[in-house]
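S.K.: Have a look at this one.
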Amino acid sequence: MICLRAAFPLTSSPLRRLALKPSSSRAAAAAMSSAIAAPVEHIVLIKVRPEAASSGAAAAMVSSLQVLSTAVPGLSYIHVGPVLRLRSPAAEALGPTHVLHSRYATKPDLAAYAAHPAHVAAVQGHVLPNALDSTAIDWVNAALVPSPVNPGSAVRLSLAKLKEGVEAHQLAEKLAAATAAAGEAKGAKVSFGENFSPARAKGYQFGMVAVFDSVEGLDAVDGDGKVEAAKAIVRPLLDDVLELEFVVGPAAAEAPAPANL
């Protein structure tokens, strides 16, 4: 599988439209739900206030969102946690401190989640008071195989703005060919697709996640010859890229309660 470093940027979404998914696999069942062949992917990048991080309010925000996995029907998977690394100038300029990654079987499931009272309460009570900015992107996976996410998985997120005249379906076709050529690079599985929520995306039109078993596996992919060749296939289509990485934590039922609540 290909992982496009500095190939796709992460888009932004209004905080009030934050949509989430159940946290990385509650054992076997959650692992299965996170491996939906064509899931609706939802990503939110949150930049929290410095005082929220030091006071424990950011930890409480994470907890309030993570527990939605047990409260909201249709939520296949959700992870909320800190960014591990910002890997592109666009990511550094945006400066997100936390990532929310969730998956749904259908677009109506995502819409129902966004309107669910538990989600609205978490956003109003914990996100809005503590966030300086947020960015969001949604896509339907166009990859041929699922990309299951488990506790401890390392994820590289890429979001892209396309060059003028390039259509999203052209990039999807090139990516499908590139990932096939790269093969299972260091065990990575990918999900990619065209953003269908442009109003919330700060101009980003395409998203991709590459899921690895561990941070070590993620780091090992850099410099891989097949991956570099695959990147070269799609790079001419891209105008700007936001890239960052995060590590998936335990599911809500398994996670320790945050301090300073």
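S.K.: What residues qualify as long-range amide H neighbours of residue 239, i.e. H under 5 Å apart, gap of 5 or more or another chain, H built at 1.01 Å from N?
M.R.: For residue 239, whose amide H was placed from the backbone, the distant partners under 5 Å are 161, 162, 163.
S.K.: Could I ask something else about it? Using a Förster distance of 25 angstrom, determine the FRET efficiency expected from the C-beta separation of residue 199 and residue 169, and round it to 0.05.
M.R.: After rounding to 0.05, the efficiency reads 0.75.
S.K.: With +1 on each Lys and Arg Cβ and -1 on each Asp and Glu Cβ, how big is the dipole of the stretch 40-248 about its Cα centre, in debye rounded to the nearest 20?
M.R.: Roughly 220 debye for the stretch 40-248.
S.K.: While we're looking at this one, here's another question. Quote the FRET efficiency, to the nearest 0.05, computed for residue 177 versus residue 118 with a Förster distance R0 of 41 Å and r equal to the Cβ-Cβ distance.
M.R.: The formula returns an efficiency of 0.50 here.
S.K.: Of all accessible surface on the stretch 40-248 at a 1.4 Å probe, what whole percent is carbon and sulfur?
M.R.: Its accessible area is 57 percent carbon and sulfur atoms.
S.K.: While we're looking at this one, here's another question. If you count, for each residue, the other Cβ atoms within 10 Å and average over each peptide, how do 104-115, 200-211, 163-174, 237-248 line up from highest to lowest?
M.R.: 200-211, 237-248, 104-115, 163-174
S.K.: Averaged per residue, what accessible surface does the stretch 40-248 expose to a 1.4 Å probe, in Å²?
M.R.: Dividing the accessible area of the stretch 40-248 by its residue count gives 38 Å².
S.K.: Okay, next question. Taking amide H positions as placed in the peptide plane 1.01 Å from N, state which residues far from residue 83 in sequence (5 or more) or on other chains have amide H under 5 Å from it.
M.R.: Here 98, 99 satisfy the definition.
S.K.: Would you calculate the separation in nanometres between label points at residue 239 and residue 55, each defined as 7 Å from the Cα along the Cα-to-beta-carbon direction?
M.R.: Going from the residue 239 label point to the residue 55 one covers 4.0 nm.
S.K.: Given 158, 193, 112, which one lies farthest toward the positive end of the charge dipole of the stretch 40-248, if we put +1 on the Cβ of every Lys and Arg and -1 on the Cβ of every Asp and Glu?
M.R.: 112
S.K.: Right, next: How charged is the neighbourhood of residue 203? Take every other residue with its Cβ under 14 Å from the Cβ of residue 203, and add Lys/Arg as +1 and Asp/Glu as -1.
M.R.: Net charge in that neighbourhood comes out at 0.
S.K.: How large is ³J(HN,Hα) for each residue in the stretch 81-88, as worked out from phi by the Karplus curve 6.51 cos²θ - 1.76 cosθ + 1.60 (θ = phi - 60°), to whole Hz, x for Gly and Pro?
M.R.: Computed from phi, the couplings for the stretch 81-88 are x, x, 5, 7, 8, 9, 10, 8 Hz.
S.K.: Moving on. What list of ³J(HN,Hα) values in whole Hz, one per residue of the stretch 217-229 in order, does the Karplus curve 6.51 cos²θ - 1.76 cosθ + 1.60 (θ = phi - 60°) give from phi, with Gly and Pro shown as x?
M.R.: x, 4, 5, 5, 6, 5, x, 4, x, 5, 5, 4, 5
S.K.: Residue separation times 0.36 nm, minus the C-alpha to C-alpha distance between residue 214 and residue 145: what's the value?
M.R.: Gain on stretching residue 214 to residue 145: 22.9 nm.
S.K.: Please list, in chain and number order, the residues 5+ apart from residue 195 or on another chain whose amide H is under 5 Å from its amide H, with Hs placed from the backbone.
M.R.: 206, 207
S.K.: A 28 angstrom limit on the alpha carbon distance is what I want to check against. Which of 107/226; 163/226; 47/226 exceed it?
M.R.: Checking Cα-Cα distances, 107/226; 47/226 exceed 28 Å.
S.K.: If we count every other residue with Cβ under 9 angstrom of residue 131's Cβ, Lys/Arg +1 and Asp/Glu -1, where does the sum land?
M.R.: +1
The values are calculated or read from the model by the stated rules, or taken from the named source; none is laboratory data. What you see is a predicted model, and the numbers here were worked out from it, not measured in a lab. For neighbour counting, all protein chains shown are included, and Cβ atoms are generated from backbone atoms with ideal geometry for every residue, glycine included. Ligands, DNA and RNA are stripped out before the accessible areas are found, and what is left, the full protein with its side chains, is counted by its heavy atoms. Shrake-Rupley method; radii C 1.70, N 1.55, O 1.52, S 1.80 Å.
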